[in-house]
Amino acid sequence: MPEPRVIPREKDNIVYIDSDSAPRIIHSGEDLLYEPLPVGTRVIYPNPPIRGLLHPDAALRYALNHPEEADPLYAQLKPGMKVTIVMDDISLPLPMMKTPDVRERVLTILLQILEDHGVDDIDLLIANALHRRMTSAEMKRMVGTAIFERFYPKRFINHDAEDPEAIVTIGHTEVGEVVKTHRLCAEADLTIYININLVPMDGGHKSMGIGTTDYEGLLAHHNPRTMLECDSYMDPENSELAFSGNRIGRVIDKHMKVLHIETALNNRMYDKPMAFLAKNEDDFTELDRLAFSSLRWTLSKLPRGAKREIFHKVPSPYELIAVHAGATEPVHDKILKKNYEQYSVPVKGQSDVVICGIPYISPYNANSILNPLLVQVMALGYLYNLYRGSPLLKQGGVLIIAHALTDQWDQKFHPSYIEFFHRCLSETRDSFELHKRYEREFARNPTYLEMYRRGNAFHGAHPFYMWYWGDKGRSQVGKVICVGAEDQRVADILGWETATTLTDAVERAKDLTKPNPDISMLHIPAILMTDVTP
């Protein structure tokens, strides 16, 4: 076998494995693998967390008094006016953050300012689009007890994209895309959007244009063609999804008065007792090694549901690192710069093989199961697309992921996912065929509509979006190999190969690429993005 290529250490968050006895932690859902990597493997670590703002409330008040390309908030208010405050749903941040949630912090200050200026006709709206309705307990945790009890249930609601009385058409874009929003926003004297920009795909015109529309409004961009025309969903300057959202959002800004408040958080995903998971393993202390061994031993003794509870119940100590208010685009530009400052890691050269652990959480399984369809969207939709410039993985390369890949589903939150996966994907994986043959059937299915509107289920069309989201990755990746998959039939439906160990997967990848491939591992979580240059 040829000698591996060993390259010197490039910078603090890029390490090259130079010893067979240097294993790394690989997340695999609710489990943690501790596997040796081939000598020469490039391990890419996230940037350390940016220090949080020392006085976040003062920073928020400053942003409201000095907004971007807009009058100060107090100058926009008058007694008796109607205000609708819209906010992101439970899909942000991931995992849930320690209380007070940033939305509670912003709302507390906003509501005080509105009260001081005689504004008491206020509604709170969750911009969940076709995501599931948040439960009352989740809503209460997000905004705090005092705000929840003041507004819930009549004036603090989930967006209902299937309520014909709630959706208003306000125009069309220059290319014919329909622009719809919630009536509470369209009829307000002022709409205020509170955003958490966890990744660069979030925020901006997407907040209102996508978060408060309906199924017909999403057809313009939540489709296979749009997703395939994106060059990284995380790079708005090269994303057809962002281009469509911008066109729609500009129509909203033309017809409505909207003030955006955008926030950026650091990447402090782990607090004690799991803070060691965010560290380079080479820097582990004896206490870190002991904590890791204890956690792995505990996880090995628990059923999967109990493991899931451990991870989901530990909130993240995220800190606010930036807040800006004002007009949509200048606000978003400033927040994006802070996002990239936190997440972007310069990397030289693409790789033949990329290894990625799959975290236990995604934007679509808060307090729930990361089902096989969501494993797919995490691998080929989100993790593959965490780049600017060029993808980390060469075209035709091998993506190695780690996950149990069990046939487990949440029938309360994801009922339409089950039928989509076992019926539709068993017939075709072609997104254009799925879109043509099945999407509208699921979107109009009366049972799925009822579970979306009256329960806490994702909309019937949502599993199709999850499949389309993986299209760009599927079109570029030569093969996906899943380490640790427990259900071969699930992998077969996805079109993936499986391997028992990481070593086996790497050897298989060599057969598919070249005997001595360039290998990179993304040490995720926490979040990172690669800025790949030749």
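Considering only residues of region 7-23 that are closer than 14 Å to residue 528 by Cβ and touching a strand residue (DSSP E or B) at 6+ places or on another chain (Cβ under 7 Å), which is modelled with the lowest pLDDT?
Among those residues, the one meeting the criterion is 13.
Every test in (1) more than 20 Å from the chain's Cα centre (by Cα); (2) at positive phi is passed by residue 367 save one, and that test is (1). Residue-level check: of (1) closer than 14 Å to residue 129 by Cα; (2) outside any helix (DSSP H, G or I); (3) out of contact with any helix residue (DSSP H, G or I) (no Cβ under 8 Å at 6 or more places or on another chain), residue 234 misses just (1). A single entry from 318, 270 fulfils the requirement of being within 30 Å of residue 110 (Cα to Cα), part of a loop (DSSP other than H, G, I, E, B) and at pLDDT below 95: 270. Among the residues of region 391-404, are any part of a strand (DSSP E or B), over 23 Å from the mean Cα position of the chain (by Cα), in the same structural domain as residue 483 (by TED's automatic domain parsing) and of a type in the set (Lys, Arg)? Yes, there is a match, as at least one residue in region 391-404 is part of a strand (DSSP E or B), over 23 Å from the mean Cα position of the chain (by Cα), in the same structural domain as residue 483 (by TED's automatic domain parsing) and of a type in the set (Lys, Arg).
Given the conditions (1) in contact (Cβ under 8 Å) with a residue 60 or more places away in the chain; (2) under 26 Å from residue 114 (Cα atoms); (3) small (Gly, Ala, Ser), which single one is not true for residue 161? Evaluating residue 161 over (1) in contact (Cβ under 8 Å) with a residue 60 or more places away in the chain; (2) under 26 Å from residue 114 (Cα atoms); (3) small (Gly, Ala, Ser) leaves (2) as the failure.
Applying the criterion of being among the small types (Gly, Ala, Ser) and on the phi < 0 side of the Ramachandran plot to the residues of region 319-335, the residue that is nearest to the chain's Cα centre (by Cα) is 322. Across region 84-105, the qualifying residues are those that are in contact with a helix residue (DSSP H, G or I) (Cβ under 6 Å, 6 or more places away or on another chain) and touching a residue at least 60 places away in the same chain (Cβ under 8 Å), and the one among them that is nearest to residue 133 (Cα to Cα) is 90.
Filtering region 449-463 to residues that are in a loop (DSSP other than H, G, I, E, B), within 21 Å of the chain's Cα centre (by Cα) and not hydrophobic (A, V, I, L, M, F, W, C) leaves 456, 459, 460. Return yes when residue 180 is of a type in the set (Lys, Arg), closer than 30 Å to residue 414 by Cβ and not in a helix (DSSP H, G or I) and no when it is not. Yes, satisfied.
Applying the criterion of being more than 18 Å from the chain's Cα centre (by Cα) and of a type in the set (Val, Ile, Thr) to the residues of region 336-364, the residue that is surrounded by the fewest Cβ atoms within 10 Å (Cβ to Cβ) is 345. Count of region 104-143 residues, restricted to those that are more than 22 Å from the chain's Cα centre (by Cα) and hydrophobic (A, V, I, L, M, F, W, C), is 9. Exactly one residue among 99, 108, 84 is farther than 30 Å from residue 509 by Cα, in contact with an Asp or Glu (Cβ under 6 Å, 6 or more places away or on another chain) and polar (S, T, N, Q), and that residue is 84.
Within region 341-370, the residues that satisfy the criterion of being closer than 18 Å to residue 473 by Cβ and part of a loop (DSSP other than H, G, I, E, B) are 350, 359, 362, 363, 364, 370.
Only residues that are part of a helix (DSSP H, G or I) and of a type in the set (Asp, Glu): list them for region 82-117, please.
Scanning region 82-117 gives 104, 115, 116.
Within region 137-175, if we keep just the residues that are more than 21 Å from residue 251 (Cα to Cα) and among the small types (Gly, Ala, Ser), the residue that is surrounded by the fewest Cβ atoms within 10 Å (Cβ to Cβ) turns out to be 137. Of all residues in region 429-460, those satisfying the criterion of being in contact (Cβ under 8 Å) with a residue 60 or more places away in the chain, of a type in the set (Gly, Ala, Ser), under 16 Å from residue 163 (Cβ atoms) and surrounded by 21 or more Cβ atoms within 10 Å (Cβ to Cβ) are 443, 457.
Go through 526, 491, 509 for me and flag whichever is within 24 Å of residue 40 (Cα to Cα) and not in a loop (DSSP other than H, G, I, E, B).
509
The listed residues are 513, 498, 503, 533, and the only one of them that is surrounded by fewer than 19 Cβ atoms within 10 Å (Cβ to Cβ) and touching a strand residue (DSSP E or B) at 6+ places or on another chain (Cβ under 7 Å) turns out to be 533. Of all the criteria given as (1) over 30 Å from residue 210 (Cα atoms); (2) in contact with a helix residue (DSSP H, G or I) (Cβ under 7 Å, 6 or more places away or on another chain); (3) not small (Gly, Ala, Ser), the one not satisfied by residue 267 is (1). Only one of the listed residues (194, 157, 170) is under 19 Å from residue 363 (Cα atoms), part of a strand (DSSP E or B), assigned by TED's automatic domain parsing to the domain that holds residue 119 and modelled with pLDDT of 95 or more. That residue is 194.
Within region 17-71, the residues that satisfy the criterion of being of a type in the set (Ser, Thr, Tyr), in a loop (DSSP other than H, G, I, E, B) and surrounded by 17 or more Cβ atoms within 10 Å (Cβ to Cβ) are 41, 45. When we screen 325, 306 for residues that are buried (at least 21 other Cβ atoms within 10 Å of the Cβ) and either farther than 27 Å from residue 518 by Cβ or among the β-branched types (Val, Ile, Thr) (or both), the only hit is 325. Just wondering, is there one or more residues in region 312-324 that are of a type in the set (Gly, Ala, Ser) and over 30 Å from residue 72 (Cβ atoms)? Checking region 312-324: at least one residue is of a type in the set (Gly, Ala, Ser) and over 30 Å from residue 72 (Cβ atoms).
The values are calculated or read from the model by the stated rules, or taken from the named source; none is laboratory data. Since we're looking at a predicted model, the values are computed, not measured. Cβ: placed from backbone, ideal geometry, glycine included. Neighbour counts: every protein chain shown.
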